[in-house]
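Each reported figure results from applying straightforward, stated rules to the coordinates on display, with no laboratory input. Quick caveat, the model's predicted, so the values are computed rather than measured. Ideal geometry is used to build each Cβ from the backbone, glycine not excepted, and the neighbour counts take in all protein chains shown.
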C-alpha cells in the first residue's frame, strides 16, 4: 500500500516536472512561480516534512521554503526578481520530494506591477523597479473573514479609492460590540469547542487569506499582514498559543505568503497588549521571517501604549500608533527609518476615543504626518445598524476623507522623486516638505491665517499654488516668486501652499 | 548746607511718623501699608542706600526692602497678611533712615480681595484666604506702554471678560511689524541715543507700571509680571545688561512690586532666547526674589524651545509654551507643581505660526488643558490696520473665544474645591477631571461621536449634563445615572459631559 502510493507520487511528480519543462513555463517578473507535488499525507506533514527549493539565475541563488497544502499536496512558491532563465532543485527530508529539478523563464512584469516595496532613501519607500511608493493606507482588520459578499464589497470600495496599503489580520478579531462574528473556517484543525490541533494547519483558511492578497495585488494595494493581535478575547486563543506553535505558524505563513510581491509583515497590532509573549518571543519570530523570507519584505510591529525597540535591525520601518505628530522628524533622525503613523484615530462617530474624528481632522492628520516626513493610515468607524464598521469588517466607505486622501496622493506623486525632506528645527511648529531650491510644500492645518509667509531662495523663480486640501482645489498665485514673499490666503482652514521651481 | 538738609529731613520724618501714629492708620488685609521718608538725593541713592523695615505682629516678623523713588523720597511697602496691630522699625545704612518706628492696624480685607495666590493642593492654585483660584489667563505683553487711552481701553476690555491673570512685560517690546513703538519713558536714566545710566532707575517708569498692577487688582486680575524677555532687538538693550544691573533691577522690582497682592513673578518669556544670560544668572535672579519677596509670590519661567529645569525648588509652577497637551498629567506627576500652559498659540489670523487659531480651537485648548489637569492662557492676534494686536498692545478684543473661556470659568468654579484630579493612564487619550464618586467632567474635543460612554460608580446616583462648550449650553440628561451608561450626544464638535453626585 505504502509502496503503491510512493509509485503514484513519483509518477505525478514526473508528469508535472516534464510538463513544466516541455512548455518552458513563463513567469512574469515579481509574479509567482509555483511548484506543486503530490506526496504523502501520512503522519503529520506539517511537522515532519522539510521542503525547500534552490532557485538559480546565473550566480544568484534563492531558497524559499515549501509548505504542505493538505490532501497530499506540497507547494514551493517563488517570486523571481530578475528576468531570464531560472532553474531550481528541491531539497527535502522526504526522498520523493528531494532533488527535483526544473526551470522557467522570468519575463517582463505585468502592467502595473513594480515589485515588492522596500525602504528607499532612508525614510521613504519605493518599489523594486525604482518607482517611489507613497503609502496612503487604510485599516480593515478582519475584512477577509466577513464572507464572500462582504469581501467583494470591500474590494469594490477599495477600487474607488487611492488607498495603496491595507492593514489586515491573519487571525479573526473580536472587539467590543463592533466585531463578534466567526470566520467560516479556522487556521487550525479542531474546533473552538473541542480544542485546536495546533500541530495541523487548515490550508483552506490560509488559501482563502492569500487569495485576498492576490486580489489586493490586482488593485495595486500592499497587504500589511498582521501576524498576531491581542483582540481574541479568549474566544479562539490564537493570541495565546504555545511558543513552538507561534513559530511553526510564522514559518508556515512565510512559506505561503512571501512570494506575493505585495506582502508587508506587521508582526503584531498593539504588540504590548499581547500579554502572552516576551520580547525574546517577538525577537525570535522576527528572526524566523528574516531567515525565511527570501524577498525581505518590509517588517514592523505596531505599538499600543508601549513602543517595541524599533531600532532593532530587523525592523524596517516604524508603524506607530499616536496622535502626537510633533516627533515624526525626530523619529526619522533617531532611527533612520521611514515613519508610518499606522493609527492616529479614525474618521467616525462611535463613542470610543479612537473612533470619532471628523473627516476634516482625518484628512488633516494625513497632511500633517506627510508634511512632517511620515506617512499616514486611515480607518473608518461610523455607527452602523448591523455594526459593519470599515475599520473591522470593510464593506462600504461612508466618510468624506478618502476622496481628500486621494487628492493628497496626487500631490504626493507630483513631488520630486529624490531629495525631499521635512523641515526640522527646534521650534518644530511649521509643517514643510522641502527639496532645496526646487520644491516647497507648506501645510497650515487648522489655522485661519489670512496670508502665508514663504522664505524661498532668492536666486530661483517659483510657481506658487494655494491648495485647499478640503475642497481639493489648486489655485495658482498670479505671479512668479522668489525670496521672502507673502501669499494671500482665504483665511479658511486646511490650506497648503506649494512652490515649485520654474524650469 | 548738609547739616540743614539733615535737619529738614529729620523734621519731615518726625512729622510723618507722628501723623501715622496719631491717626492709628488702618490698612486692609493684603492691602499696602507704605512708609515714605524724605531724604537725601545726593550721591546715588539707588546704589548707595540700604533700607528695609522689620514689621512685627505678635511673634511674626517680616522684613521688606525699601527703595528710592527719586526726588529725595524713600519708600518701604508692606502687605500685611494678618489682621491686628503691626509695629515696625526701619533699618538703613543712612542714619536718618534708620531706627524709625511706627505702627498700624490691619483690618479686614476689601471686598473681593482674597490675598495673594499660591500653590494649593500640589497642582492647583488658591488665594491666601483659602478660596480656590482657577486661572484663565490672557496675554498683553506690552499693554502698559501704549499710552493712557489704550491702557484704559485695555482695562475696559478686561473688565468684560473672565480673565483673571495677564502676562505682561516690565520692559518694552519689539516684535516683527506688530510692535515697534516706544514707551513714553524708560526704566533707566539716559536715552537710547546717548546710552543708559544703568546705575539710576527712572521711578516714573516703575510708578506707571505698578499703577497698572493696582488697576488690575481692582478687576480681580493677577499680574504675571515678566521680568526679562528676548524681544528687544537691539533697540534698547534691556535684554543684554550687565549682570550687576540685572540683579539691581531685580532687587528694585521686588522692593517696589512685592507688596501688591496680585503679583506673580515670571522671570522671563522664552528664557532660552535671552542669549546673554547663563543658567547661573537665572538661578541668582531667582534667589534674589526668594530672599527679598517676603510674601513668596508665585515664581516661574517660560520656555521657548528649551525648558528650564523646572524642578528647581524656587520654581513654584510650570509656565509652559507648548501645543502638546498629552504630557500635562505626566508633568504634574513628575514635578508635583501646577501646570500653566502659558502659550499654546493664539486666536487670530496672522501668518506667524503662533497666531492663527480659530476661536473654536483656542476654546478647545482651554478645555483640553483644563481637563488634563492644567490651566491655559489666551492671546489674540487678528490682523489690524494699525497693527493693534491684543497679544502685544491690548486694546479691544475681536475674538470669539473670550466669551467661551468665561463659560468654562463658570464650570471651573462649580467643581468641588478639594480632591479633583485628572485621569491619567498609559493610553492617556481621554480628557477627564475626577473627584472620586462625586464629580466627573469629560471633554471630547474635536470629535463627532454620537454618544459618550461613562463608567460611573455603581453605588452613587448622578445627575448628568451635556455641555456644548462652543454654544455655551448645559443640557441635563433626562434620568438619574450610575454604573456604565451611554449618554446621547448631538454628534457635533466641542462637547463635554458632567456627572455630579446627587446629594
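According to a simple spin-label model (label point 7 Å from Cα along Cα-to-Cβ), what is the distance in nm between residue B:326 and residue A:26?
Distance between label points: 5.2 nm.
Once every DSSP H run of n ≥ 4 in chain B is given -39500 (n - 2.57) and the sum is divided by its residues, what mean residue ellipticity at 222 nm do you get, rounded to the nearest 500 deg cm²/dmol? Let's see the in-between values first.
Numbers: 10 runs with 121 residues, N = 503.
The helix contribution divided over chain B gives -7500 deg cm²/dmol.
Only counting other Cβ atoms within 10 Å, I'd like B:319, A:36 sorted with the fewest neighbours first.
Details: B:319 31, A:36 15.
With the sparsest Cβ surroundings first, the list reads A:36, B:319.
As I understand it, the value is the acute angle between the Cα axis of helix B:148-159 and the longest principal axis of the Cα atoms of chain B; what does it come to in degrees, rounded to 10?
For B:148-159 against chain B, the angle is about 40 degrees.
Please work out the FRET efficiency for the pair residue A:119 and residue B:219, using the Cβ-Cβ distance as r and a Förster radius of 51 Å; give the result to the nearest 0.05. Let's see the in-between values first.
Details: r = 59 Å, r/R0 = 1.16.
The calculated FRET efficiency here is 0.30.
Using a 7 Å offset from the Cα along the Cα-to-Cβ direction at both residue B:458 and residue A:247, what is the distance between the two label points in nm, to one decimal?
So the label points at residue B:458 and residue A:247 sit 4.4 nm apart.
Contact order normalised by length for chain B, with contacts defined as Cα pairs under 8 Å and 6 or more residues apart; what percent is it? All intermediate terms of the calculation are to be shown ahead of the outcome.
Details: 1088 pairs, mean separation 57.8, N = 503.
Relative contact order here is 11 percent.
Using the alpha-carbon centroid of each, what span in Å lies between region B:440-503 and region A:460-503?
Centre-to-centre (Cα) distance: 43 Å.
Starting from a label point 7 Å past Cα on the Cβ side, list the distances from residue A:419 to the same position in the other copies, nm, shortest first.
6.6
If you consider only alpha-carbon coordinates, what radius of gyration and Dmax does region B:436-501 have, in Å?
11.2, 33
Percent of Cα-Cα pairs more than 53 Å apart in the protein assembly as shown, please.
Numbers: 168352 of 505515 pairs.
Taking all Cα-Cα pairs of the protein assembly as shown, the fraction more than 53 Å apart is 33 percent.
Can you give me the Cα centroid spacing of region A:201-236 and region B:333-363 in angstrom?
Spelled out, the Cα-based centre of one part sits 44 Å from the other.
Give me the percent of Cα-Cα pairs in chain A that sit more than 45 Å apart, rounded to a whole number.
Values: 22996 of 126253 pairs.
Beyond 45 Å sits 18 percent of the P(r) for chain A.
For the residues A:161, B:131, what sequence is obtained by ranking on other C-beta atoms within 10 Å, fewest first? Display every interim value, and only then the final one.
Working: A:161 18, B:131 13.
Placing the least packed residue first, the sequence is B:131, A:161.
May I ask you to derive the FRET efficiency for residue B:41 and residue B:276 from their Cβ-Cβ distance with R0 = 41 Å, giving the value to the nearest 0.05?
Details: r = 32 Å, r/R0 = 0.77.
Using R0 = 41 Å, I get an efficiency of 0.85.
What are the nm distances, shortest first, from residue A:50 to its equivalents in the other copies, labels at 7 Å along Cα→Cβ?
8.9
Just rank A:143, A:271, fewest to most, by other beta-carbon atoms within 10 angstrom. Provide the component values of the computation, followed by the final result.
Working: A:143 26, A:271 22.
Result, fewest neighbours first: A:271, A:143.
Put a point 7 Å out from Cα along the line to Cβ at residue B:107; what are the distances to that point in the other copies, in nm, shortest first?
Nearest first, the other copies' label points are 10.7 nm away.
Provide the FRET efficiency to the nearest 0.05 for the residue B:63-residue B:284 pair, computing r from the beta carbons and using R0 = 22 Å.
Approximately 0.60, to the nearest 0.05.
State the residue of chain B whose Cβ is nearest the axis carrying B onto A, and the distance in whole angstrom.
Residue plus distance in Å, as requested: B:324, 3.
Roughly speaking, what is the stretch gain from residue A:176 to residue A:101, that is 0.36 nm per residue apart minus the C-alpha to C-alpha distance, in nm to one decimal? Walk me through the intermediate numbers first.
Values: separation 75, 0.36 × 75 = 27.00 nm, distance 5.18 nm.
Additional length available on full extension: 21.8 nm.
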